[in-house]
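Below is one structure, written out as structure tokens; the observations come after it.
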Amino acid sequence: EDFEITVSEEGRTLYYILEDKRIFSPIRLVKTDADSGEIIPLAGAEFQLLDENKEPVAMTVHYPQETTHSIFKTDESGSFVLPEKLGAGIYYFRELQAPAGYLINEELIKFEVREDHEWGDPFVVEFPDRPAKGKIHIRKADEDTGEPVSGAEFEICAKEDILTPAGSVRVPAGSKVSVIVTDEKGEGQSDSLYLGKYEIRETEQPSGYVLSEEIYEVELEYNGQETELVSAEAEISNKPVKIAIKKKEEGTEKGLKGVKFSVWEKETPE
């Protein structure tokens, strides 16, 4: 603050002590979902604090006993507050363990302390993670021969609401998320989908086959922080269309036994 000086006599030296307090601030890290921006309310995400030279910083907790920490973990709120205040300067957070359902973020998140903060109002650093996703792979085969069948079309819908850890709906139940058409190998793959339970319905059968009315269920499950895309397989077969001929005596319903027929493709004259 500005202050006033009064010069009242000749040759006298006036002394003043001017104290500048160092800037210190408590730090709160908050884990966020990179897609929704929501806080991820999950415990167990682990972090290191690094200084300006990207060297790990350890801190000491004095209660209930004196313990030094170099790894800091989120609680059920998806956050933690460092046990000591940080002085003004540049720092980084490095993620060591992502929360369940998410991919580890290998980038260092940089932040700078420039102002004083109190424990009740700490400086907040947001650290985003991308949710893991998956793809559904379908194999389509002839029920009789096991040969691959191309041209079958499938619709994939969410079996139930697929939620974020915070409880908001990513994908409403029943909504269509992908359409798959099998290729010449009888295979098809969905778009990238959020982890959860899905239903597969055949919407268009290949020529010469019966449309399947069965609903197939698959689940995309988390497979660790390093697995960006998990997969779920669905083996589906189709009954080929068959022709039944009934030969009757004219004018009656009496069947005639032993009659032989030849069958060939219409385009083939022989």
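The values are calculated or read from the model by the stated rules, or taken from the named source; none is laboratory data. Just so you know, these numbers come straight off a predicted model, no measurement behind them. All Cβ positions, even for glycine, are placed from backbone atoms using ideal geometry, and neighbour counts span all protein chains on display. Just the protein is used for accessible areas: all its heavy atoms, side chains included, with ligands, DNA and RNA removed. Shrake-Rupley method; radii C 1.70, N 1.55, O 1.52, S 1.80 Å.
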Some residue of the range 91-104 being in contact with a strand residue (DSSP E or B) (Cβ under 6 Å, 6 or more places away or on another chain), basic (Lys, Arg) and more than 30 Å from LEU220 (Cβ to Cβ): no
Criterion (part of a strand (DSSP E or B) and within 17 Å of SER36 (Cβ to Cβ)) met by exactly one of PHE127, PHE154: PHE127
Filter result (over 19 Å from GLY224 (Cβ atoms) and either small (Gly, Ala, Ser) or surrounded by fewer than 19 Cβ atoms within 10 Å (Cβ to Cβ) (or both)) within the range 89-106: GLY89, ILE90
Positions within the range 127-142 being in contact with a Phe, Trp or Tyr (Cβ under 9 Å, 6 or more places away or on another chain) and surrounded by fewer than 17 Cβ atoms within 10 Å (Cβ to Cβ), in sequence order: ARG130
Filter pass, VAL124 being exposed (fewer than 15 other Cβ atoms within 10 Å of the Cβ), modelled with pLDDT under 95 and either out of contact with any strand residue (DSSP E or B) (no Cβ under 8 Å at 6 or more places or on another chain) or not charged (D, E, K, R) (or both): no
Identity of the residue in the range 107-121, assigned to a strand (DSSP E or B) and surrounded by fewer than 14 Cβ atoms within 10 Å (Cβ to Cβ), that ends up nearest to the chain's Cα centre (by Cα): LYS110
Elements of type strands (runs of 3 or more DSSP E) contained in the range 1-67, each with 3 or more residues being charged (D, E, K, R) and either open to solvent by 100 Å² or more (accessible area, probe 1.4 Å) or modelled with pLDDT of 95 or more (or both): 27-33
Criterion violated by PHE261 - all others in (1) assigned to a strand (DSSP E or B); (2) open to solvent by 90 Å² or more (accessible area, probe 1.4 Å); (3) without any contact (Cβ under 8 Å) to a residue 60 or more places away in the chain satisfied: (1)
Segments classed as strands (runs of 3 or more DSSP E), wholly inside the range 168-253, with at least 1 members that are polar (S, T, N, Q) and open to solvent by 50 Å² or more (accessible area, probe 1.4 Å): 187-189, 196-204, 229-238
Residues that are closer than 28 Å to GLN205 by Cα and either in a strand (DSSP E or B) or hydrophobic (A, V, I, L, M, F, W, C) (or both), drawn from the range 157-167: CYS157, ALA158
